[in-house]
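Please read the structure below before turning to the comments.
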Amino acid sequence: MRDLRENWPAHLILILGVLLFALPLWLVFAGATQDSSAIARGDLSLIPRLSGFSVYADVLGQGAAGATPVWRMLAVSFGMALCIAVGKITISVLSAYAVTFFRFPLRMVCFWIIFITLMLPIEVRIIPTYAVMADFGMINTFGGLTVPLIASATATLLFRQVFVAIPDELMEAARMDGAGPWRFLRDILLPVTSSNIAALFVILFVYGWNQYLWPLLVATDPRLDTIVIGIVKMIGVENVVEWNKVMATAILALLPPVAVVLLMQRWFVAGLTEGEK
């Protein structure tokens, strides 16, 4: 109680911040259970209606206004986010390992080329990337959704900084024990960086889940609609928008990334707060 009395301004600001973020979500949650025409008129109640919770089963099975069922869009988004997160981490770990522990010509040139790509936003690279995907016949494919997004200069830079902090004595000791490059990576480096990998996985999963521009461009097949694209299509229909179904879909779209954050919270916080090992 003493800490509460002394730090009441910080607690007050924290509570206001929580309300600022939670109130819109509660409005969406409550609105999903109400009549769509009432929502369109602005008669949105803060109290959910128990009889309206069937809307979640409706959108999961049928979608809205003939759109792709929400369960399918959730599956596409989950698969896309998972592939992007795993792919980014795998490529970043291997590339950072190569430029840190191997000596080969133009090693630092390769690293700086990777680093320079940080200066180029995806909007600058999106047309050439689309052209490459078209040449490989990957338009309207799941590979076209994921492959261009699995390289990450940021993750490579972060893993390189972790690997640079590894003592040279540890590498020499592993070499004297007969550990080859793959065993050194598998048995020593990966356990040491497990917290960083977990933190990056959460960040990259949410990044992949929220992708909008690239899926909108590369996948015109409704079977490959992500949940973000699906919500936009629900709002952009020509007839009356079924706002209760749109809100229910938005709540369902929140659940997988929130579940990933909650399940990996301990490792996520450790990866962000741990200093050099």
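The values are calculated or read from the model by the stated rules, or taken from the named source; none is laboratory data. What you see is a predicted model; the values in this text were computed from it and never measured. Note: ideal-geometry Cβ built from the backbone for every residue, glycine included; neighbour counts use all protein chains shown.
Points worth noting:
- Hey, V232 in contact (Cβ under 8 Å) with a residue 40 or more places away in the chain and β-branched (V, I, T) or not: no
- Meets criteria (at pLDDT below 85, surrounded by 15 or more Cβ atoms within 10 Å (Cβ to Cβ) and closer than 19 Å to V28 by Cβ) for V241: yes
- Wholly enclosed helices (runs of 4 or more DSSP H) of segment 13-114 bearing at least 3 residues assigned by TED's automatic domain parsing to the domain that holds Q211, modelled with pLDDT under 90 and in contact with a Pro (Cβ under 8 Å, 6 or more places away or on another chain): none
- Residue check: V202 meets all listed conditions (1) in a helix (DSSP H, G or I); (2) free of Cβ contacts under 8 Å to residues at least 12 places away in the same chain but one, namely (2).
- Residue within segment 167-184 that is in contact with a Ser or Thr (Cβ under 9 Å, 6 or more places away or on another chain), assigned by TED's automatic domain parsing to the domain that holds I122, outside any helix (DSSP H, G or I) and crowded, with 16+ Cβ neighbours inside 10 Å present: no
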